[in-house]
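Below is one structure; the comments refer to it alone.
Each reported figure results from applying straightforward, stated rules to the coordinates on display, with no laboratory input. Keep in mind it's a predicted model, so treat the numbers as computed, not measured. Here the Cβ positions follow ideal geometry from the backbone for every residue, glycine too, while neighbour counts run over all protein chains shown.
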Amino acid sequence: MLGRVNHIAIAVPDLAAATATYRDTLGAKVSDVQALPEHGVTIVFVELPNTKVELLEPLGENSPISAFLEKAPSGGIHHICYEVDDILLARDKLVASGARVLGDGNPRTGAHGKPVLFLHPKDFFGTLVELEEV
Ligand code: CO
């Protein structure tokens, strides 16, 4: 079912500082800043040879990462995103095996313009899992 790791998302309290660390200290290629108000985050992509890291900073009042940062004020790994060929097929198999899909269970358009779903972290060893159809 799972393909490549599409990205690893890290919630950060200060996006400019995190971007500078990845660019200047770690020597990585970083994207421009993108505000995604419909997702409640501002993001920077760190482009690596085999995958991406997404640095996420809360945007707006109801950001889905605000509560996460309250518990982990210095930041932390928020989710890992795996690629799938057919997101509805993947969802139906997972639901049939007892996994919980967050939200209303239907794919939404993710940060890359492709359909995504999130799976409950308690079903996947404490890790929030995003699936993205590619
Ligand atoms: Co993601």
Centre separation in Å (Cα based) which lies between segment 15-82 and segment 97-134
18 Å
Looking at 97, 21, 5, which one has the Cα that reaches farthest to the positive end of the dipole of the chain (charges on Cβ: Lys, Arg +1; Asp, Glu -1)?
97
Among 110, 76, 27, the residue with the largest mean-square fluctuation in a Gaussian network model of the chain built from Cα contacts under 10 Å is 27
Cut-off under 5 Å, modelled amide H: who pairs with residue 10 long-range:
54, 55, 56, 78
Nearby lysines by direct alpha-carbon distance to residue 122 (threshold 28 angstrom, same-chain neighbours under 8 apart not counted):
52, 71, 93, 114
Taking the Cα centre of the chain as origin and charging only Cβ (+1 Lys, Arg; -1 Asp, Glu), how large is the dipole, in debye to the nearest 20?
280 debye
What residue among 63, 74, 97 has the largest mean-square fluctuation in a Gaussian network model of the chain, using Cα springs under 10 Å?
97
Among 85, 14, 104, which one moves the most in a GNM of the chain with springs linking Cα atoms closer than 10 Å?
104
Evaluate the Kirkwood expression for the hydrodynamic radius of the chain, namely the inverse of the mean inverse distance over all pairs of different C-alpha atoms, and round to one decimal in Å.
15.4 Å
Given Cβ charges of +1 for Lys and Arg and -1 for Asp and Glu, the option among 64, 45, 35 whose Cα lies farthest towards the positive end of the dipole of segment 29-77 is 45
Under the helix-only model (-39500 (n - 2.57) for each DSSP H run of 4 or more, divided by the residues of the chain), the mean residue ellipticity at 222 nm, to 500 deg cm²/dmol, is -4000 deg cm²/dmol
Using the alpha-carbon atoms, what tilt in degrees (0 to 90, nearest 10) does helix 87-96 show relative to the longest principal axis of the chain?
60 degrees
